Amino acid sequence: MNNSAANTGRVLWAGLRALLVLTVVCGVLYPLAVTGLAQGLFPHKANGSEIKDASGRTVGSELIGQRYDLPTKDGDATPAPDLRWFQPRPSNGLGSNTLNTRYDLILSGATNRSADNADLIQWVKAAKAAVIRDNSTATHTVRPEDVPADAVTSSGSGLDPHISPEYATLQIPRVAERNGLPVPQVEQLVAAHTDTRLLGFIGEPRVNVLQLNLALKERLRQKGGRSTPIAPAG
C-alpha cells in the first residue's frame, strides 16, 4: 500500500514538473521569442498591417475590407454607398446572419449557398443591377456583361480588402465624374495601386480599395477639392 502511494506520488510530481516546464516553454518563452522576432523583422505585419493616411492617423488594415458609405438617414435600414469613392465587393459574410452584414469583425465566413440557391441568385441579380445603376454616368453606360464576378459576390471570408482590376476599372468613370477629375488621372491611380501576381504566378492581380481611396483623397487635396475624411475601420 505504501509502495503504491509512493509510486502515485512520483507520477503526480513528474506530471506537475512537466506541466510547469511546458507552461514556461510553450506559454511564456516561445510566445515571447516569436513576438520579438515578428516585431524585429516584420513590425508592420505583426501590428496588423495598419494603413495610415497623410496625417498619420490609422484608417484601417491592408487585410480587412471596409465600407465607404453616406451617413444613415432616418428610416433607412442601411446606409447608401458614397459614390465619390471606389467601392469594395459585397460583404454578405454569413449570408442572412445579422452579426456580420457590413464588414463587421464579429464573424467572418462565406454565404455557404450553392450556385442554384434562390437567395444567392437574387442577391447577385440585385447587386448587379446596383452596380450598373451606380456606375453608369451621363457619358458612360455600364453593360451587364462588363460586371465582373467580384462586384456581385462576397469573398470566402466576407472581409476581402481587394477588388479585381476589372471592377476598379468599371468604377473609374463614376469616380472621375463625382470628383470632377479627368478620367486619365483616375486611371493612373488605379494602375499605380494594382498589385500583380505574387512571384509572377501566384494568385491574381488585385487592388486594395482602402489604399486606392487614400490615393484618391490625396489627389483631391492636391487639386484643392474638399473630400470627406475616410473613417478608421471598426
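The values are calculated or read from the model by the stated rules, or taken from the named source; none is laboratory data. Treat the numbers as computed from the prediction; the structure is a model and nothing was measured. Glycine gets a Cβ as well: all are built from the backbone with ideal geometry, and neighbour counts include every protein chain shown.
None of PRO173, PRO165 is in contact with a His (Cβ under 8 Å, 6 or more places away or on another chain) and either closer than 20 Å to VAL207 by Cβ or not polar (S, T, N, Q) (or both) except PRO173. Can you say whether VAL152 is at pLDDT below 95, of a type outside the set (Phe, Trp, Tyr), over 17 Å from SER61 (Cα atoms) and surrounded by 12 or more Cβ atoms within 10 Å (Cβ to Cβ), as far as the supplied structure shows? When the stated conditions are applied, VAL152 passes them.
Selection over the stretch 84-126 of residues that are at pLDDT 65 or above, over 18 Å from the mean Cα position of the chain (by Cα) and either of a type outside the set (Ser, Thr, Tyr) or not assigned by TED's automatic domain parsing to the domain that holds PRO161 (or both) gives a count of 15. The single condition among (1) in contact with a Ser or Thr (Cβ under 6 Å, 6 or more places away or on another chain); (2) more than 30 Å from SER108 (Cβ to Cβ); (3) among the basic types (Lys, Arg) that LYS217 does not meet is (2).
Considering the stretch 108-147, and only residues there that are polar (S, T, N, Q) and not in a loop (DSSP other than H, G, I, E, B), the residue that is nearest to ARG178 (Cα to Cα) turns out to be ASN135. Do any helices (runs of 4 or more DSSP H) entirely within the stretch 1-54 hold 1 or more residues that are closer than 30 Å to VAL209 by Cα, and if so, which? Counting at least 1 such residues, we get 30-41, 43-46.
Checked against (1) outside the structural domain of GLU218 (by TED's automatic domain parsing); (2) under 26 Å from the mean Cα position of the chain (by Cα); (3) not aromatic (Phe, Trp, Tyr), ARG57 meets all criteria but (1).
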